[in-house]
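Here's the structure we're looking at; comments come further down.
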Amino acid sequence: MQQAKPIALHGRYLLRPNFEPERGHYQYSIYAQGKGHKMLDCDPAGNQEKALSNAQRLVSLLEKARHL
């Protein structure tokens, strides 16, 4: 499993990568920033860019729901 740096989004969420390039598996897990609690796993993708796009879309939905 390949380790990449976590990415912070919206100051609330931390994306931690879960990559297995030898299997064509790229996925991010979303954690609550500062608390370290795992919230969700994003949809897996065949490449790193699509996995990041899936994660960003899910974080965007979380932010919209938070403001309802």
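The values are calculated or read from the model by the stated rules, or taken from the named source; none is laboratory data. What you see is a predicted model; the values in this text were computed from it and never measured. All Cβ positions, even for glycine, are placed from backbone atoms using ideal geometry, and neighbour counts span all protein chains on display.
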Checklist entry - Can you name the residue in the range 26-55 that is part of a strand (DSSP E or B), in contact with a helix residue (DSSP H, G or I) (Cβ under 6 Å, 6 or more places away or on another chain) and not hydroxyl-bearing (Ser, Thr, Tyr) and, of all such residues, is nearest to ARG12 (Cα to Cα)? => result GLN27
Next on the checklist: Looking at the range 12-28, I want the residues that are over 12 Å from CYS42 (Cβ atoms) and modelled with pLDDT under 90 and have a partner that is in a loop (DSSP other than H, G, I, E, B) and hydrophobic (A, V, I, L, M, F, W, C) with Cβ atoms under 6 Å, at least 6 apart or on another chain. Which pairs are those?
Outcome noted: GLU20/MET1
Checklist entry - Is at least one residue of the range 25-32 small (Gly, Ala, Ser) and touching a Pro at 6+ places or on another chain (Cβ under 9 Å)? => result yes
Next on the checklist: Here is a check on your reading of the model: is ALA51 closer than 25 Å to LYS64 by Cα, without any contact (Cβ under 8 Å) to a residue 40 or more places away in the chain, in contact with a Leu (Cβ under 7 Å, 6 or more places away or on another chain) and of a type in the set (A, V, I, L, M, F, W, C)?
Outcome noted: no
Next on the checklist: Every residue in the range 20-31 that is over 16 Å from GLN56 (Cβ atoms) and either in contact with a strand residue (DSSP E or B) (Cβ under 6 Å, 6 or more places away or on another chain) or surrounded by fewer than 12 Cβ atoms within 10 Å (Cβ to Cβ) (or both), please.
Outcome noted: PRO21, GLU22, ARG23, GLY24
Item to check | Count of residues meeting criterion [part of a strand (DSSP E or B), over 18 Å from ALA65 (Cβ atoms) and either among the hydrophobic types (A, V, I, L, M, F, W, C) or touching a His at 6+ places or on another chain (Cβ under 7 Å) (or both)] in the range 1-13 | outcome: 2
